[in-house]
Amino acid sequence: MTMPYYASPEQLMRDRSEYARKGISRGRSVAVLTYADGILFIAENPSATLHKVSELYDRIGFAAVGRYSEFESLRVAGVRLADVRGYSYNRRDVTGRVIANAYAQTLGTVFTEQMKPFEVELCVAEVGTTAETDQLYRLTFDGSIVDEADFVVMGGQAEAVTTHLREHFSPGMALAEALMVGVRALSAVSPAMANGGGDAALLAAAQLEVAVLDRRRPKRAFRRVVGAALHALLGDGDDGAADTGEAAPSAHAPSTPAPGTPPGLGDPAAPDTAGGTEGSGEGGSPSDPGAS
Amino acid sequence: MDGLSQWPTERSGFPHAYLDRVGSSFTDFLATAAPDLLPGRRPVPQLPVGDLAPHGTTIVAVTFDGGVLMGGDRRATMGNLISSRDIEKVYPADSWSVIGIAGAAGIAIEMVRLYQVELEHYEKIEGMTLSLDGKANRLAGMIRGNLGAALQGLAVVPLFAGFDLDAAPGATPGRIFSYDVTGGNYEERGYAAVGSGSLFARSSLKKTWRADLSAAAATRTVVEALYDAADDDSATGGPDPVRRLYPIVYRVDAEGAVRLTDDEIAAVADTIVTERSAADRNSTGA
């Protein structure tokens, strides 16, 4: 005969929290930083296809740490919510707050009602027209939601990375500068670096997943920074030259997207490939006469 | 908007459908989560209503050496009335493809919006774009769902064109797909036209189009075909210098889909009008 055993609610919640925290702390860290022209995502992620950072909507990005299968299904749900809302209302009516709230509700419900909580931590970032209107929401496994100001760090070594960033981060940095600050902070605590050798070395481009939400882009602000563009940015940042801010946009923005790359990789200055041009009904939302 | 009323203020956050199956199609997802938002799910009108709804008319697409061009006139008609002089009937579907619509304007524009979201949704979920043939097939499915309404006079017939990123070397990267009301999907060689003026537009293209045209020369054949269609078809609008309304033309090449500026099209249209009137004066000896 098995005896039904009693566990106090406090004990249950504590156990679940500990379980989720343990799962999350095993993973590598992700940092989301604001910079002069938008929001920068930096993840330590050796995989080029299993993304930790991705696009939810025109101005909204998503970053996650923890168990891949869990945050991937949450990401898909976020994309679906954004697209359904944008389709039935208008593209402008999709906000980061709505998506973040839905995540918070879902995470909270699963945390209290299911045996096993989600072992994930999420960040929903929305780029505004000015730096003041940028939004960073940080969501934890229990459904808590925090509106952060300058940066969000999640994952295994979050505390240490946050401490490092507090010292070196300043608002309104150029992209290359912000990237260097973020990569230094991640490298300082990365287990990969500790094994590899001296702490002077930084994480290599191949171990990083970098993306930006660039407020200057007309429609879809999300853009992955990959390949030569990422190398150039990382290299430029080392020199610490004053003009890196000017050089950066062109360095990571090929004017001709390589065939096969998803849209959003074009020149931010040219209203080019992101599913429409300015003045054509807000990037091809034909029912919106006000936008043209 | 019933699809939204279930949405997400309820305490549980995402409804189950949002978290459940991982599919990449927005249309398929709507069918389970909010079927009332889909154009194909509404009751079909019992009587012909064709004359009550604005209809868009002529769309033309041609390939050129580096891609494909699509143009449409600006007129919508409702029976014998001109219901719009400045309607837009050609839209970018995504970065490398464009869609033009002829037929019942309301349903067609809704379909274009759904199609645009469908392509973008796939791209966000999968992290890559659909192949050009895949895009063309998705569109065929949407047209198929509209057959009932089409029989009551609300037909929608699109023209789809895009730059094929996977084109074999040597093959032309610009490709055109036409459709019929039953969702039949046909790849066209060189040029195609749909809508009430398509007969005249196609006759015009037959004489002006060649396989190796440059982008500029191909632009002229598109504008000229629309001019010829407007000449003989009352439901197609010609260039309107009084209101400065000119056909909408999109170019899709390796750089992506770009809408040509009104000034560019105005210059081409003005050239055609000047040449035609000069030729007419010569022939009549005036």
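The values are calculated or read from the model by the stated rules, or taken from the named source; none is laboratory data. Quick caveat: nothing in here was measured; it's all calculated off a predicted structure. Here the Cβ positions follow ideal geometry from the backbone for every residue, glycine too, while neighbour counts run over all protein chains shown.
Every residue, every condition in (1) in contact with a Gly (Cβ under 7 Å, 6 or more places away or on another chain); (2) buried (at least 21 other Cβ atoms within 10 Å of the Cβ); (3) of a type outside the set (S, T, Y), yes or no:
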{"site": "B:L139", "(1), (2), (3)": "no, yes, yes"}
{"site": "B:F160", "(1), (2), (3)": "no, yes, yes"}
{"site": "B:P173", "(1), (2), (3)": "yes, yes, yes"}
{"site": "B:T221", "(1), (2), (3)": "no, yes, no"}
Residue identified as more than 19 Å from the chain's Cα centre (by Cα), surrounded by fewer than 21 Cβ atoms within 10 Å (Cβ to Cβ) and modelled with pLDDT of 90 or more among A:E246, A:E167: A:E167
Pick from the range B:91-112, criterion surrounded by fewer than 23 Cβ atoms within 10 Å (Cβ to Cβ) and touching a helix residue (DSSP H, G or I) at 6+ places or on another chain (Cβ under 7 Å), ranking: nearest to B:Y18 (Cα to Cα): B:E110
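Does B:L205 count as out of contact with any Lys or Arg (no Cβ under 9 Å at 6 or more places or on another chain) and either closer than 25 Å to B:L154 by Cα or not in a helix (DSSP H, G or I) (or both)?
Numbers: out of contact with any Lys or Arg (no Cβ under 9 Å at 6 or more places or on another chain): yes; either closer than 25 Å to B:L154 by Cα or not in a helix (DSSP H, G or I) (or both): no.
Criteria not met by B:L205.
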Given the options A:R138, A:R166, A:R91, name the one that is out of contact with any Pro (no Cβ under 6 Å at 6 or more places or on another chain), of a type in the set (D, E, K, R) and within 30 Å of B:I109 (Cα to Cα). A:R91
Regarding the range B:206-225, can at least one residue be identified that is in contact (Cβ under 8 Å) with a residue 12 or more places away in the chain and under 24 Å from B:I143 (Cβ atoms)? yes
Could you grab me the full set of residues in the range B:91-135 that are facing chain A (nearest Cβ under 8 Å), part of a strand (DSSP E or B) and more than 11 Å from the chain's Cα centre (by Cα)? B:D94
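Taking B:V223 as the residue in question, decide whether it is closer than 22 Å to B:L159 by Cβ, within 14 Å of another protein chain (Cβ to nearest Cβ) and hydrophobic (A, V, I, L, M, F, W, C). Break it down stepwise before answering.
Details: closer than 22 Å to B:L159 by Cβ: yes; within 14 Å of another protein chain (Cβ to nearest Cβ): no; hydrophobic (A, V, I, L, M, F, W, C): yes.
No.
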Sole residue being in contact with a Phe, Trp or Tyr (Cβ under 8 Å, 6 or more places away or on another chain) and in a loop (DSSP other than H, G, I, E, B), chosen from A:L33, A:L50, A:L56: A:L50
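Among the listed residues B:G170, B:G145, which satisfies the condition of being at negative phi, of a type outside the set (D, E, K, R) and at pLDDT below 95? Before the answer, list the steps.
Values: B:G170 fails: at negative phi.
It is B:G145.
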Within the range B:177-194, the count of residues that are touching a residue at least 60 places away in the same chain (Cβ under 8 Å) and more than 17 Å from B:V112 (Cβ to Cβ) comes to 5
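Quick one: is B:E88 assigned to a loop (DSSP other than H, G, I, E, B), under 14 Å from the mean Cα position of the chain (by Cα) and either within 9 Å of chain A (Cβ to nearest Cβ) or crowded, with 24+ Cβ neighbours inside 10 Å (or both)?
yes
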Look at the range A:96-116 and say how many of its residues are facing chain B (nearest Cβ under 10 Å), among the aromatic types (F, W, Y) and in contact with a Pro (Cβ under 6 Å, 6 or more places away or on another chain). 0
So how many residues does the range B:187-202 have that are buried (at least 20 other Cβ atoms within 10 Å of the Cβ) and part of a helix (DSSP H, G or I)? 3
Could you tell me whether the range B:153-175 includes any residue that is under 30 Å from B:D51 (Cβ atoms), more than 14 Å from chain A (Cβ to nearest Cβ), touching a residue at least 12 places away in the same chain (Cβ under 8 Å) and assigned to a helix (DSSP H, G or I)? yes
Those residues that are closer than 22 Å to B:H55 by Cβ and among the polar types (S, T, N, Q), I need them from the range B:186-211; list them, please. B:S196, B:S198, B:S203, B:S204
Restricting to the range A:48-82, name every residue that is more than 8 Å from every other protein chain (Cβ to nearest Cβ) and hydroxyl-bearing (S, T, Y). A:Y57, A:Y68, A:S69
Inspect the range B:40-48 for any residue being crowded, with 24+ Cβ neighbours inside 10 Å and either within 30 Å of B:L213 (Cβ to Cβ) or away from every other protein chain (no Cβ under 12 Å) (or both) and give the result as yes or no. no
Does at least one position in the range A:126-140 carry a residue that is out of contact with any Phe, Trp or Tyr (no Cβ under 7 Å at 6 or more places or on another chain), crowded, with 19+ Cβ neighbours inside 10 Å, under 16 Å from A:R21 (Cα atoms) and among the charged types (D, E, K, R)? yes
Has the range A:144-165 got at least one residue that is within 14 Å of chain B (Cβ to nearest Cβ) and closer than 21 Å to A:A43 by Cβ? yes
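Just to be sure I understand, how many residues within the range A:83-95 are more than 9 Å from chain B (Cβ to nearest Cβ) and part of a helix (DSSP H, G or I)? It would help to see each step written out before you state the result.
From the range A:83-95, those more than 9 Å from chain B (Cβ to nearest Cβ) are A:90-95; that's our starting set.
With the extra rule that they be part of a helix (DSSP H, G or I), the set shrinks to A:91-93.
Residues in the range A:83-95 being more than 9 Å from chain B (Cβ to nearest Cβ) and part of a helix (DSSP H, G or I): 3 in total.
Select from the range A:154-164 the residues that are outside any helix (DSSP H, G or I) and more than 15 Å from the chain's Cα centre (by Cα) and list them in ascending order. Spell out the reasoning first.
Taking the range A:154-164 and keeping what is outside any helix (DSSP H, G or I), we get A:154-157.
If the condition is that a residue be outside any helix (DSSP H, G or I) and more than 15 Å from the chain's Cα centre (by Cα), then A:G156, A:Q157 are the ones that fit.
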Output the residue which, of all residues in the range B:55-84 that are within 14 Å of another protein chain (Cβ to nearest Cβ) and surrounded by fewer than 21 Cβ atoms within 10 Å (Cβ to Cβ), is modelled with the lowest pLDDT. B:G66
Please pick out the residue among B:A266, B:A218 that is in a helix (DSSP H, G or I), under 24 Å from B:S84 (Cβ atoms) and out of contact with any helix residue (DSSP H, G or I) (no Cβ under 9 Å at 6 or more places or on another chain). B:A266
Out of (1) surrounded by fewer than 22 Cβ atoms within 10 Å (Cβ to Cβ); (2) touching a residue at least 24 places away in the same chain (Cβ under 8 Å), the odd one out for B:D20 is which? (2)
